[in-house]
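Only one structure is covered here, and it is reproduced in the block below.
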Amino acid sequence: MNYFSDALLAAIQLLLQFDAEIYPIVWTSLKIALIATVIAAAIAIPLGIVIAINQFIGKRFILQLLNTLMAMPTVMIGLIFFGLLSRRGVFGEYGLLYSETAVIIGEASLILPIMVNMTVVAVQSADKRLLVTLKSMGATQTQLLLPVCKELRYVLLAAVITGFGRAIGEVGAAMMLGGNIQGSTRTMTTAIALETSKGNFELGLALGLVLLVIAFSVNFILQWLSSGEVS
């Protein structure tokens, strides 16, 4: 118990002293997760709305596939893109493996099904009169996107925040695609795994505390949105 409490105090001290090793890792994690979230949201929200408002052959299969992808282990995502981005892979000529871009691609792909699925559920649960009214006014598929997004903005924002929370806590794909390179692709989760294995428990715990604060903030915002306090 003394070991853990001493390590916890040392970790807090590192944070309060603005240790030079911690905050660049935190910034890298936030930057990668934010970019991945923006990219995934830009694809997922329009795609989810289109899937939700249309009836077509294979829709049930697509929804089942989305549910399956939501449960896919992160190391599987990493394995797939490692094969695609490695030197002998389809996109190997671009030299993306072990770069921030590779980690962003992996994280965006990981959270994309989550956002699409949440968007589909949100649209299908919305007031049916909205779509009926818009379609009766002759709105096209593209013209439907903006009013639907505006009407469901808080639910869609919750989907985006959920995706960010998933991305910031990802470790498997980030480790495989980024290589945990200091000053470049080392995120909080990969650094925690590395530092703990090296016996530097205090630094790993300090990063864990930052990650915990971010996770708490994400869940607080989600709870705030779902409670209807936003008007």
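The values are calculated or read from the model by the stated rules, or taken from the named source; none is laboratory data. Remember, predicted model here, so these are calculated numbers, not experimental data. Note: ideal-geometry Cβ built from the backbone for every residue, glycine included; neighbour counts use all protein chains shown.
Worth pointing out:
- Taken residue by residue, segment 5-24 has no member that is outside any loop (DSSP other than H, G, I, E, B), closer than 22 Å to Leu156 by Cα and within 23 Å of the chain's Cα centre (by Cα).
- Which listed residue, of Val148, Val120, is of a type outside the set (Lys, Arg), surrounded by 19 or more Cβ atoms within 10 Å (Cβ to Cβ) and modelled with pLDDT under 85: Val148
- Pairs, first closer than 22 Å to Arg87 by Cα in segment 171-192, second hydrophobic (A, V, I, L, M, F, W, C) and not in a helix (DSSP H, G or I), C-beta under 7 Å, six or more apart: Leu177/Leu97
- In the set Ala42, Ala52, only one residue is over 24 Å from Met176 (Cβ atoms), assigned to a helix (DSSP H, G or I), small (Gly, Ala, Ser) and out of contact with any helix residue (DSSP H, G or I) (no Cβ under 6 Å at 6 or more places or on another chain); that residue is Ala42.
- Among the residues of segment 81-120, those identified as β-branched (Val, Ile, Thr) and free of Cβ contacts under 8 Å to residues at least 12 places away in the same chain are Val90, Thr101.
- Exactly one residue out of Ile77, Ile53, Ile45, Ile39 is of a type in the set (Val, Ile, Thr), modelled with pLDDT under 90 and farther than 26 Å from Phe201 by Cβ: that is Ile53.
- Qualifying residue in segment 181-200 (condition: touching a Phe, Trp or Tyr at 6+ places or on another chain (Cβ under 6 Å) and either farther than 23 Å from Ser109 by Cα or buried (at least 22 other Cβ atoms within 10 Å of the Cβ) (or both)): no
- Only one of the numbered conditions (1) within 20 Å of Val218 (Cα to Cα); (2) in contact with a Pro (Cβ under 8 Å, 6 or more places away or on another chain) is violated by Ala139, and that is (1).
- The residues in segment 123-142 that are closer than 21 Å to Ala40 by Cα and either within 20 Å of the chain's Cα centre (by Cα) or surrounded by fewer than 18 Cβ atoms within 10 Å (Cβ to Cβ) (or both) can be counted, and the count is 3.
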